[in-house]
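Student: Quick one: structure below, then a few questions.
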Amino acid sequence: MVGDQRHAGAALPETSLDRAGLALCAGGLLGGAFWLMLAWGSGTATVLAMATAFILGTLFTTLGIAAVGVPLWTVLHFRGWRGMVHAAMAGAAIGFILFLFAQTYGFGLFDAPPSDARSLLYRWGSAAATSLMLAAMCAAVAMVMWAVAYRRPDQSAGPTRKAQSLLPSGSRK
């Protein structure tokens, strides 16, 4: 059975492979723009440094979305959880977990420098706060990707209701 029972009567948003590819490109470009803003915000970046930040940001964001986001979204899609809220929550959760992992030496699994033992609580608090901020950015990327990829079935099925009301009664579907 494809889809969740809650959506049995509701029309789920639909996508296609080309729109999914465009959404991946849009997410990568938006991630590159975030990296560009971070480089620009440093105040010391040259034009070459900012161009490099944008190119590498786009590349790594696209790879990250493809490696982590696409498998999770595939599961959510086939479960019937295809809404923009689901996309935002998945993007935020992935972003939060990945950034927290990166800032806490793999959740404490890897060796930290001895000097960090004195500030462990501060490190985790700071990591959680910055990860929340970056999770919001990841949620925004996920929502833009959803808007590019998905359409409601009634949006792609011919004229809109308003346009249908303008048609002569014999030509309505």
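Student: Arranged from highest to lowest average of other beta-carbon atoms within 10 Å per residue, in what order do the peptides 73-80, 16-23 appear?
Tutor: My ranking of the peptides, most packed first, is 73-80, 16-23.
Student: Separate question: When the Cα centres of the range 16-69 and the range 127-141 are compared, how far apart do they sit, in Å?
Tutor: When both Cα centres are located, 16 Å separates them.
Student: Test of understanding: express the Cα radius of gyration of the range 69-138 as a ratio to 2.2 N^0.38 Å, with N the residue count.
Tutor: Here the answer is 1.37, to two decimals.
Student: Kindly identify the range 106-153 as rounded, prolate or oblate by the Cα gyration tensor criterion: order the square roots of the eigenvalues as a ≥ b ≥ c, call it rounded if a/c is under 1.5, otherwise compare a/b with b/c, prolate if a/b is larger, else oblate.
Tutor: Prolate, since a/c reaches 1.5 and a/b exceeds b/c.
Student: Sticking with this one: How large is the Kirkwood hydrodynamic radius of the range 1-149, in angstrom, based on all distinct alpha carbon pairs?
Tutor: Hydrodynamic radius (Kirkwood, Cα pairs) of the range 1-149 is 17.0 Å.
FYI, it's all coordinate maths here, none of it is from the lab. What you see is a predicted model; the values in this text were computed from it and never measured. Cβ atoms come from the backbone with ideal geometry, glycine included; neighbour counts cover every protein chain shown.
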